[in-house]
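See structure below.
The values are calculated or read from the model by the stated rules, or taken from the named source; none is laboratory data. In this text the structure is predicted, and so the values were computed from the model without any measurement. When we count neighbours, we look across all protein chains shown, and the Cβ atoms used for this are built from the backbone with ideal geometry, even at glycine.
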Amino acid sequence: MFESIAHAAGETQTPQQVNPLVQFFPLIAIFFVFYFFLIRPQQQQQKKLREMVAGLKKGDKVITTGGILGEVSSIQPDYVVLNIGDSGAKLEVLKSAIAGLRQ
């Protein structure tokens, strides 16, 4: 009886080689999930914003990232001049600070 137990304990199994692709599949899957649900939509949103800022024209009503509402009175290469309120106050704002158009 003890001989069969000792004989069974003496046998060692060689570990099977695991394909590296199978090992890294969860990592690859997580990358694709992050790309399609986080990175790609953000890139598309930034592209829309760049196109909107490039297409600004005089008279457009915009909102800045700081929450300032104004109407575009002139456009320069790197900034726009906004008319703020009814008093006719003008404010120079970088194009990168434009958050969007307002209706």
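Flag: ILE68 does not match the condition of being β-branched (Val, Ile, Thr) and touching a strand residue (DSSP E or B) at 6+ places or on another chain (Cβ under 6 Å).
Restricting attention to region 28-60 and to residues that are among the aliphatic types (A, V, I, L, M) and closer than 30 Å to VAL72 by Cβ, the residue that is surrounded by the fewest Cβ atoms within 10 Å (Cβ to Cβ) turns out to be ALA54. Residues that are among the charged types (D, E, K, R) and within 27 Å of the chain's Cα centre (by Cα): list the strands (runs of 3 or more DSSP E) wholly contained in region 60-103 that include at least 3 such residues. Where strands (runs of 3 or more DSSP E) fall fully within region 60-103, none carries at least 3 residues being among the charged types (D, E, K, R) and within 27 Å of the chain's Cα centre (by Cα). The set of residues in region 1-47 that are at pLDDT below 70 and among the hydrophobic types (A, V, I, L, M, F, W, C) comprises MET1, PHE2, ILE5, ALA6, ALA8, ALA9.
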